[in-house]
Amino acid sequence: MGFWGIVLAVLAVSVAGGYLALFAVAVVQIARDRTMSVSVRAAWLVTIVGLPIGGSIAWLAVGHRTKEFEQPA
């Protein structure tokens, strides 16, 4: 494996690690959110598993807006 092979391997591992972290954060937030019904949580989980990167980003951009998050300080 040459120099560019090593660079590519490091890049691939970094991207995979970032995705796994994004996925884990989204799943944990969904599991801990008690303001959503079970069916809504299930729908979000199906979305995250079905659309791996897009589902996780959608959850973090839109879905995690809980009542505690939206309350004024």
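Scaling the Cα radius of gyration of the chain by the globular reference 2.2 N^0.38 Å produces a ratio of 1.44. Label separation (MET1 vs LEU60): 2.6 nm, computed from points 7 Å beyond Cα along the C-beta direction.
We did not get these values from a lab; they are worked out from the coordinates using the rules stated. The shown structure was predicted, so the numbers you read here are calculated from the model rather than taken from an experiment. Every residue, glycine among them, receives a Cβ derived from its backbone with ideal geometry; neighbour counts consider all protein chains shown.
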